[in-house]
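K.L.:
Next up is a structure, given as structure tokens.
The values are calculated or read from the model by the stated rules, or taken from the named source; none is laboratory data. None of these values were measured; they are calculated from a predicted model. When we count neighbours, we look across all protein chains shown, and the Cβ atoms used for this are built from the backbone with ideal geometry, even at glycine. Keep in mind that these areas ignore ligands, DNA and RNA; they rest on the heavy atoms of the full protein, side chains included. Shrake-Rupley method; radii C 1.70, N 1.55, O 1.52, S 1.80 Å.
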Amino acid sequence: MTTLAPAADALPPVRGLARTHPMRGAGLLRLGPAGRAIALVYATCLLLALAYPQALAAWLDDFEPNPVVEAAQGGAARLVALSESLGIARISGSVRDLGKGLTRKPD
């Protein structure tokens, strides 16, 4: 009767194989064009969430209460606190008020 799996002694140990075949860039984060685009999208979402956390909190208030929404609201509350402690909320509020002043029609 033949077996499909090779004998255990026929395969080299992984540790020895890893030493004989070094990988370029091992341990470094190397992203291709798609990876850089994905990282850029996530970084933009993070910056928007830090700059306007009140919008995220208001959006979550529109949902029906359930455990997932409550957990997200807790995270949004921490994000608001982080934004305020870093001073980002004050700066983004000033920029938002400036933008509203520029786009409003004069009375």
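K.L.:
Kindly write out, for the stretch 83-100 in residue order, the coupling ³J(HN,Hα) from the Karplus curve 6.51 cos²θ - 1.76 cosθ + 1.60 (θ = phi - 60°), rounded to whole Hz, with x marking Gly and Pro.
P.N.:
4, 5, 5, 7, x, 6, 4, 5, 5, 5, x, 5, 5, 5, 5, 5, x, 5
K.L.:
To continue, here is another question. Against the 2.2 N^0.38 Å scaling, with N counting residues, where does the stretch 43-100 land? I'd like the Cα-based Rg ratio to two decimal places.
P.N.:
Ratio of Rg to 2.2 N^0.38 Å for the stretch 43-100: 1.18.
K.L.:
Skip the ligands, DNA and RNA, and give the accessible area per residue of the stretch 52-107 with a 1.4 Å probe, whole Å².
P.N.:
Averaged over the residues of the stretch 52-107, the accessible area is 78 Å².
K.L.:
Using a basic spin-label model with each label point 7 Å from the Cα along Cα→Cβ, how many nm lie between A81 and V69?
P.N.:
The modelled label-to-label distance comes out at 2.3 nm.
K.L.:
Out of the stretch 36-100, which trypsin sites (Lys or Arg not before Pro) are coil in DSSP terms and have no more than 16 other C-beta atoms within 10 Å?
P.N.:
In loop regions of the stretch 36-100 (DSSP not H, G, I, E or B), there are no sparsely surrounded trypsin sites (Lys or Arg not before Pro).
K.L.:
Output ³J(HN,Hα) for the stretch 38-44: one whole-Hz value per residue in order, computed from phi by the Karplus curve 6.51 cos²θ - 1.76 cosθ + 1.60 with θ = phi - 60°, and x for Gly and Pro.
P.N.:
Taking θ as phi minus 60°, the curve returns 5, 4, 5, 5, 5, 5, 5 Hz for the stretch 38-44.
K.L.:
Once neighbouring chains are kept in place and the probe is 1.4 Å, which whole percent of the accessible area of the stretch 31-101 is contributed by carbon and sulfur?
P.N.:
70 percent
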